[in-house]
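Structure record follows, encoded as structure tokens.
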Amino acid sequence: MKFDLHIHSCLSPCANLEMSPSEIVAKAKSAGLDAIALTDHQSARNTPAVAECARRAGIECLYGLEVCTAEEVHTLALFDTPEQALEMTDFVYAAMPKRVNDPDVFGDQPVVTWDDDIVEMEWRILAMACRHPIPAVSAKCRELGGLYVAAHIDRSAFSVYSQLGGIPDGASFDAVEFSRTADESLWLEKACGLAVVRSSDAHNLDDVGLVWTEAELDGFTVAALKKAFEARSTRISPRLTKF
């Protein structure tokens, strides 16, 4: 199975507004992906829409969010259902600043239906970190039955290496993610023995399907992925050297 665990929709303030759930699913299918995960910044409010789009298109999906922790480290929390992801969202929202988003500064944050109607504009600033540290986010993710992944560990900002110098004690990550340009010959040893995935971190439609991860899975579920992570049986696509 060929999948991408890190895709943003129009809800993420830094994503292109063309990234509606329906367009994401259509592009993923045309790019040859078997499965995707929706992971907007600090929120899973567009996961119900992507769930319906995925069902109609016949593509597998997991539901999550990219949590920016108190350490300003980006991490992925992934779940089997939108309901679990939305409960994780409530946990994150409770620890976020009560500041109203300025779309002219941070970008629009539309919550949409599966057929692209705007339900409302998320008022919180999703570009900001929450007050929960990594161990607390990890513990809540596990309580809700999810997987916890350290995002783009090779990047010079918002990664466990840029912020903390390495993978901290108590993080309990299931896997680490390489960015689309990460040189695995340099970064594999820094995975500290954890399973590795490569994801697009797509914010624009053209980015969907540029890189991916593969694994032999019984189904695209948290349990199946966890089994593959524990067996270290994931395979990542070649890195991009031109973009």
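The values are calculated or read from the model by the stated rules, or taken from the named source; none is laboratory data. All figures in this text were calculated on a predicted structure; none of them were measured in a lab. Every residue, glycine as well, gets a Cβ built from its backbone with ideal geometry; the counts of neighbours run over all protein chains shown.
Residues checked against (1) over 28 Å from GLU143 (Cβ atoms); (2) touching a helix residue (DSSP H, G or I) at 6+ places or on another chain (Cβ under 7 Å):
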position: GLY193; (1), (2): no, no
position: ASN204; (1), (2): yes, no
position: LEU210; (1), (2): yes, no
position: LEU217; (1), (2): no, yes
position: THR221; (1), (2): no, no
position: LEU225; (1), (2): no, no
position: ARG232; (1), (2): no, no
Practice task
Assess whether PHE79 counts as being on the phi < 0 side of the Ramachandran plot and crowded, with 24+ Cβ neighbours inside 10 Å.
Solution key: yes
Practice task
Select from segment 234-243 the residues that are out of contact with any helix residue (DSSP H, G or I) (no Cβ under 8 Å at 6 or more places or on another chain) and not in a loop (DSSP other than H, G, I, E, B) and list them in ascending order.
Solution key: ARG235
Exercise for the section: Kindly indicate whether any position in segment 117-124 is crowded, with 24+ Cβ neighbours inside 10 Å and at pLDDT 95 or above. Expected result: no
Exercise for the section: Just name the residue that is surrounded by the fewest Cβ atoms within 10 Å (Cβ to Cβ) out of those in segment 160-190 that are touching a strand residue (DSSP E or B) at 6+ places or on another chain (Cβ under 6 Å) and either acidic (Asp, Glu) or on the phi > 0 side of the Ramachandran plot (or both). Expected result: ASP174
Practice task
Inspect all residues belonging to segment 4-12 and state whether any of them is under 14 Å from the mean Cα position of the chain (by Cα), more than 29 Å from ARG235 (Cβ to Cβ) and outside any helix (DSSP H, G or I).
Solution key: yes
Practice task
Test THR89 against the criterion of being buried (at least 19 other Cβ atoms within 10 Å of the Cβ), among the polar types (S, T, N, Q) and without any contact (Cβ under 8 Å) to a residue 60 or more places away in the chain, and give yes or no.
Solution key: yes
